[in-house]
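Here the structure comes first, spelled out in structure tokens, and everything after it is commentary.
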Amino acid sequence: MPFDLERGTGTWKLSKYSDNFGEIMVKLGVPAEYMDTFKATEVSIECTVSGNTFTDKVTMMGKTTINTYTLGEECEETDHTGTKRKVTYTMDGDTLAHVYPDHDGKGLVVRQTLRWIDDKTLHHTYNVGDLKGWSEGQKV
């Protein structure tokens, strides 16, 4: 069964994560001094789908971003700091994968995947350069 994008609409909070999660987030650009706040933050997501295109409206720490992606095509994404980068989303069975060929502007390749564990739990894997880790989010 393919990954259900619209099922992700709702409010989410981290429930579990790998021991190196903080190191991974720092490598992705989250300042180390904000890690405790980041881990405790609730994230509100609205996802709408039309054919192979989906739009995510994400509100986190008082900021909202809206990005639209087409599966299988390289798209531009703007993160919560205003940084723009290229990303390609694809479906791989029951997993949604997204790859950033140059996440930091210095050649850092990032691959992330999302997979449903149950109706209220998403498993997120991270391959950030040579670091690998995971997190789970719970719908609240």
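State the dimensionless ratio Rg/Rh of the stretch 32-92 (Rg: radius of gyration of Cα atoms; Rh: Kirkwood radius).
Value, to two decimals: 1.02.
Aspartates and glutamates near K63 by alpha-carbon distance under 13 Å, same-chain residues fewer than 8 away left out - which ones?
The qualifying aspartates and glutamates are E42, D79.
In square nanometres, what is the average projected area of the Cα convex hull of the stretch 57-140?
Computing the convex hull of the Cα atoms and averaging its projections yields 6.2 nm².
Could you calculate the contour length gain from K120 to D19, that is, 0.36 nm times the residue separation minus the distance between their Cα atoms, to one decimal place in nm?
34.1 nm
Put +1 on the Cβ of every Lys and Arg and -1 on every Asp and Glu Cβ in the chain; which of G82, A32, T64 then has its Cα farthest towards the positive end of the dipole?
Positive-most Cα among the choices belongs to A32.
Working only with C-alpha atoms, what are the Rg and Dmax values of the stretch 4-52, expressed in angstrom?
13.7, 40
Find how many whole Å separate the alpha carbon centroid of the stretch 5-28 from the alpha carbon centroid of the stretch 31-49.
7
Percent relative contact order of the chain, based on C-alpha pairs within less than 8 angstrom and at least six residues apart?
25
On average, how much accessible surface per residue is there in the chain, in Å², for a 1.4 Å probe, leaving out ligands, DNA and RNA?
Spelled out: the 1.4 Å probe surface of the chain, per residue, equals 56 Å².
Which residue, K13, K86, K63, tops the fluctuation ranking in a GNM of the chain built on C-alpha contacts under 10 Å?
Taking springs between Cα atoms under 10 Å, the residue moving most is K63.
Pull up the cross-link candidates among the lysines for K16, meaning alpha carbon to alpha carbon under 18 Å and not fewer than 8 places away within one chain.
Cross-link targets: K39, K120, K132, K139.
Comparing T121, T81, T11, which has the greatest mean-square fluctuation in the GNM of the chain with Cα pairs linked when under 10 Å apart?
The residue with the greatest mean-square fluctuation here is T81.
Roughly to the nearest percent, how much of the accessible area of the stretch 1-61 is carbon and sulfur, given a 1.4 Å probe?
51
Starting from the Cα gyration tensor of the stretch 1-107, multiply each eigenvalue by 5, take the square root, and state the resulting semi-axes largest first in whole Å.
23, 17, 15
The values are calculated or read from the model by the stated rules, or taken from the named source; none is laboratory data. Bear in mind that the values here come from a model prediction, so they are computed numbers and not experimental data. Every residue, glycine as well, gets a Cβ built from its backbone with ideal geometry; the counts of neighbours run over all protein chains shown. Surface areas here come from the heavy atoms of the whole protein model, side chains and all, with no ligands, DNA or RNA. Shrake-Rupley method; radii C 1.70, N 1.55, O 1.52, S 1.80 Å.
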